[in-house]
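> Submitted below is the structure of interest, expressed as structure tokens.
The values are calculated or read from the model by the stated rules, or taken from the named source; none is laboratory data. Note that the structure is a prediction, hence the values are computed from the model and not measured. Please note: Cβ atoms are built from the backbone with ideal geometry, for glycine as well, and neighbour counts cover all protein chains shown. To get the accessible areas, we keep the full protein, side chains included, count just its heavy atoms, and leave off ligands, DNA and RNA. Shrake-Rupley method; radii C 1.70, N 1.55, O 1.52, S 1.80 Å.
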Amino acid sequence: MDGDTRGIGSRVGGGLGRPTRRLVVLGGAAAALALLVDHGLRVDVPPPPPPVPTRRRAPDELVLLAAVAGLDQVVQAEGEVLSEHQNALVRRLRTLGQEQLRALRGRLTNAGVPTSVIDAAVTRAGTRPTTPALPGTSAPGSSPSSTGMPSAAASAGTQDRTPQELGQLLRDSVGPGAWAPLTAATAGTRQLLTAAYGQRLAGALLLGCEVPAPRASPLRADLVARTAALVYAFQVVGAQSTGAQRRAAETTLSGLSSLESSLSGSTSVSPAGWALPYPVTTPRAARRLATDTLWAAVDAAAALTRSDTTATSLEDVVGWSAHLQALAVGWDLPLTAFPGASS
């Protein structure tokens, strides 16, 4: 009887002792864990990942991205025209546009801008919703890029675009919004983009699209004087030329006189008083004078965009340069991607 009682008691005592010991062990572990957590060790979640470095924008990144996006749409439109019309001028314009794209994209990537960022800007510009407009008009509610370029959606239904309609697109792609962003750009970017825009407007002129002179700028008097000097030079070229060269001189002189009138308005400028750079007494010397003066004027336009960076002056100079480039083509001086500037 006593043995049975001790056996039962020992079993009862053993049953109560083991849970108690487990509780003591668990309590000690919890206290140790609390101590570790209090000292900054987290064991319930993994440590957070290190912060991703933020890329700093390259100089002129936004204005160059907008220019690339607008130019990409221009090149696409030129390709659409070539698919229906085998036009040598349009082919030349597309080649120049592709050259400009390579140079501008290279300027961005060399400054550390990822190609994915450039491609995204092009894609956004191409998918921006717009309301299609008639050629030469602005669609209500449209959202042009900072270059004034209508988005590709605006012309999505125009598969059979004519060269003349392309000329209007080239002109409208360099809209009033193109100039203000350039006023804050670095000199190199401003020079490249104004040169590219001038070439594009020259293409519009050669495709038969009128590019009227913008409102007068602080550089207008200088442009009038330079144009008057060109008028005088081509009067000499015409007088010293014969045959086809004389007819070409008369055509160029007519274009320069019209440009002078549009720039000067009611102000008359006498062409007298300009000295020729060398004697011109033969047709060969006359042709040399024609090409030299036109090239010098285009180079001067590039220099003027460095001397006055206001939006109205940039627009004024680029439009003037475009007319000279278009006239120079008649003297076998081809359009270039960045006239007067180096890429």
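> Within segment 273-296, can you find the residues that are among the basic types (Lys, Arg) and more than 10 Å from residue 241 (Cα to Cα)? Show your work before the answer.
Filtering segment 273-296 for residues among the basic types (Lys, Arg) gives 284, 287-288.
Scanning segment 273-296 gives a single hit, 288.
> How many residues, within segment 244-266, are at pLDDT 95 or above, open to solvent by less than 30 Å² (accessible area, probe 1.4 Å) and over 20 Å from residue 290 (Cβ atoms)?
Qualifying residue count for the region: 1.
> Can you say whether residue 45 is modelled with pLDDT of 95 or more and either over 16 Å from the mean Cα position of the chain (by Cα) or buried (at least 21 other Cβ atoms within 10 Å of the Cβ) (or both), as far as the supplied structure shows? Don't jump to the end; show me each part of the working.
Working: modelled with pLDDT of 95 or more: no; either over 16 Å from the mean Cα position of the chain (by Cα) or buried (at least 21 other Cβ atoms within 10 Å of the Cβ) (or both): yes.
In short, no.
> Out of 329, 317, 269, which single residue is at pLDDT 95 or above and open to solvent by less than 50 Å² (accessible area, probe 1.4 Å)? Spell out how you get there, then give the answer.
Working: 329 fails: open to solvent by less than 50 Å² (accessible area, probe 1.4 Å); 269 fails: at pLDDT 95 or above.
Result: 317 is the single residue among 329, 317, 269 that is at pLDDT 95 or above and open to solvent by less than 50 Å² (accessible area, probe 1.4 Å).
> Sticking with this structure for a sec: For the subset of segment 210-243 comprising residues that are touching a Pro at 6+ places or on another chain (Cβ under 8 Å), more than 23 Å from residue 198 (Cβ to Cβ) and in a helix (DSSP H, G or I), which member is most open to solvent (accessible area, probe 1.4 Å)?
Of the residues in segment 210-243, the ones touching a Pro at 6+ places or on another chain (Cβ under 8 Å) are 228-229, 231-232, 235, 240-242.
Okay, now just the ones that are also more than 23 Å from residue 198 (Cβ to Cβ), so 232, 235, 240-242.
When the remaining residues are screened for being in a helix (DSSP H, G or I), the result is 232, 235.
Values: 232: 64, 235: 85 Å².
Top of the filtered list is 235.
> What is the number of the single condition among (1) within 17 Å of residue 178 (Cβ to Cβ); (2) modelled with pLDDT of 95 or more; (3) open to solvent by 10 Å² or more (accessible area, probe 1.4 Å) that residue 308 does not meet?
(2)
> Let me confirm something: among 339, 277, 283, 334, which residue is open to solvent by 40 Å² or more (accessible area, probe 1.4 Å) and under 35 Å from the mean Cα position of the chain (by Cα)? Spell out the reasoning first.
Working: 339 fails: open to solvent by 40 Å² or more (accessible area, probe 1.4 Å); 277 fails: under 35 Å from the mean Cα position of the chain (by Cα); 283 fails: under 35 Å from the mean Cα position of the chain (by Cα).
After ruling out the rest, the residue left standing is 334.
> Are any of the residues in segment 67-86 open to solvent by 10 Å² or more (accessible area, probe 1.4 Å) and in contact with an Asp or Glu (Cβ under 6 Å, 6 or more places away or on another chain)?
Scanning segment 67-86 turns up at least one residue that is open to solvent by 10 Å² or more (accessible area, probe 1.4 Å) and in contact with an Asp or Glu (Cβ under 6 Å, 6 or more places away or on another chain).
> Which is under 22 Å from residue 63 (Cβ atoms), hydrophobic (A, V, I, L, M, F, W, C), open to solvent by 50 Å² or more (accessible area, probe 1.4 Å) and at pLDDT 50 or above, of 111, 125?
Numbers: 125 fails: open to solvent by 50 Å² or more (accessible area, probe 1.4 Å).
Selected residue: 111, the only one of 111, 125 that is under 22 Å from residue 63 (Cβ atoms), hydrophobic (A, V, I, L, M, F, W, C), open to solvent by 50 Å² or more (accessible area, probe 1.4 Å) and at pLDDT 50 or above.
> How about segment 196-209: which of its residues are open to solvent by less than 30 Å² (accessible area, probe 1.4 Å) and outside any loop (DSSP other than H, G, I, E, B)? First the steps, then the outcome.
Start the filter on segment 196-209 by keeping residues that are open to solvent by less than 30 Å² (accessible area, probe 1.4 Å), which leaves 196-204, 207, 209.
Result: 196, 197, 198, 199, 200, 201, 202, 203, 204.
> Taking segment 107-120 only, how many residues are in contact (Cβ under 8 Å) with a residue 12 or more places away in the chain, of a type outside the set (A, V, I, L, M) and in a helix (DSSP H, G or I)?
1
> Collect the residues in segment 178-189 that are crowded, with 22+ Cβ neighbours inside 10 Å and in contact with a Ser or Thr (Cβ under 7 Å, 6 or more places away or on another chain), keeping them in residue-number order. Step through it out loud before you land on a result.
As a first pass, look at segment 178-189 and keep what is crowded, with 22+ Cβ neighbours inside 10 Å: 178-179, 182.
Selection gives 178, 182.
Rundown of residues vs (1) outside any loop (DSSP other than H, G, I, E, B); (2) under 24 Å from residue 206 (Cβ atoms), yes/no style:
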residue: 253; (1), (2): yes, yes
residue: 274; (1), (2): no, no
residue: 318; (1), (2): yes, yes
residue: 335; (1), (2): no, yes
